[in-house]
Amino acid sequence: MEVFKKTNGLTDAPFHYCPGCTHGIIHRLVAEVLEELGVLDRSIAIASVGCSVFSYNYFNCDAIQAAHGRAPAVATGAKRSMPDNIVFTYQGDGDLAAIGTAETVHAAARNENITVIFVNNAIYGMTGGQMAPTSLPNQVTQTSPYGRDVTLVGYPIKVSEMLSQVEGATYIERVAVDNVKNIKNAKKAIKKAFQNQIDKKGFSLIEVLSTCPTNWGKSPKDSLLWLEENMKKNYPLGVFKDRTKGDE
Amino acid sequence: MAKVTFREERCKGCGLCEIACPKKIVVIAKDRINQKGYHPAIITDQDACIGCAFCATSCPDLVITVEK
């Protein structure tokens, strides 16, 4: 009996991600959920710009590559024209929290019936480790070599907290993938986000705290510790908004 | 009995499986490299495996399959 095998939700293409990057884990969780919910054959992935730009090579479903930050807008169009399809975006923090802030907030405000997977690793990965809107105070990056100076460049944007204040948004949760327990919790959250879409409940966003060993300048193991010690302090895990219970 | 197999050619030697393994039997083979040029993950004692699949759950590159 197989306890663990590769999901059909992913193609067999090897990931291009750096060693120890947790994008691969998050890809797998999304793909497993699509397969388990039986919606793989009618799913549409909206790929973003950033490290996850090639996610259309990996998800075993149809995909559209959106312009930088515009994945929620493209998803809106896809979902409204094909409401029976399951439409999700897979975006990093440089895409969703910087150039794509407007699209994200407005998709939430309209309560578009889409699922957004937001991967937050507090840095611009693909372009070489520049400071992102989500970089932590005092975090050293290529463009903040003395640490992020909040008096000069401001504070990190906390996307889940921000979107929980948007009246339209249905479900907002932040999870992490730094250990087996959290990976299982992350999968539960992602499953709920997709179930919300199937049940036509509206906009769901799952923020996943992820690592970037290459640009953090740490080994994969130390990156997990850094996530645990630093990321979680600034970005606490939990459900920030849940309108599916009918108590709001 | 649990059996763990590695698609070694996909492994990038990140070692996330190594820290996830509760039995400490998944390790990075420092004495050889795979086609990609990384030290691949291997299992040192197949009989001690309890089939928890923690290694496979932590693997970002779909290297590991677990059977019981």
Please report Rg over Rh for the protein assembly as shown, where both radii come from the alpha carbon positions and Rh follows the Kirkwood definition.
-> 0.97
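Which whole number gives the average count of other chain Cβ atoms within 10 Å of the Cβ atoms across peptide A:23-29?
Details: counts 1, 8, 7, 1, 2, 6, 1.
Per residue, the number of nearby Cβ atoms from other chains is 4 on average.
Would you please put A:41-51, A:77-87, A:110-120 in order of how densely packed they are, using the mean number of other Cβ atoms within 10 angstrom per residue and starting with the highest? Intermediate results must be reported in sequence, preceding the final value.
Values: A:41-51: 22.9, A:77-87: 15.8, A:110-120: 25.3.
Those peptides, ordered most packed to least, come out A:110-120, A:41-51, A:77-87.
Averaging over all projection directions, find the projected area of the Cα convex hull of the range A:129-192 and quote it in nm² with one decimal place. Please list the in-between numbers first.
Details: hull surface 23.5 nm².
Answer in nm², one decimal: 5.9.
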What does the range A:5-103 give for Rg and for Dmax, in Å, if only its C-alpha atoms count?
-> 13.1, 39
With a Cα-only, solvent-free Debye model of chain B, what are the log10 I(q)/I(0) values at q = 0.15, 0.21, 0.24 Å⁻¹?
-> -0.39, -0.77, -1.00
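Sequence gap at least 6, Cα distance under 8 Å: using those rules, report the relative contact order of chain B to the nearest whole percent.
Rounded, it is 46 percent for chain B.
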List the aspartates and glutamates whose Cα lies under 20 Å from the Cα of B:K30, skipping any in the same chain that are fewer than 8 positions away.
-> A:D222, B:E8, B:E9, B:E18, B:D45, B:D61
Packing-based exposure ordering (other Cβ within 10 Å, fewest first) of A:K187, A:K201 | A:K201, A:K187
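What value, in deg cm²/dmol to 500, does the helix sum -39500 (n - 2.57) over DSSP H runs of n ≥ 4 give at 222 nm once divided by the residues of chain A?
Numbers: 9 runs with 78 residues, N = 248.
Per the formula, -8500 deg cm²/dmol.
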Given charges at beta-carbon only (K, R positive; D, E negative), |dipole| of chain A in Debye | 240
Return the subset of A:K79/A:K232; A:K79/A:K192; A:K218/B:K68; A:K201/A:K241; A:K79/A:K233; A:K79/A:K181 for which the Cα-Cα distance in this structure is over 24 Å, preserving the input order.
-> A:K79/A:K232; A:K218/B:K68; A:K79/A:K233; A:K79/A:K181
Between the range A:199-240 and chain B, what is the C-alpha centre distance in whole Å?
-> 24
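No value in this document is a laboratory result; all are computed from the given coordinates. Here the structure is a predicted model, which is why all the values come from computation and not from measurement. For neighbour counting, all protein chains shown are included, and Cβ atoms are generated from backbone atoms with ideal geometry for every residue, glycine included.
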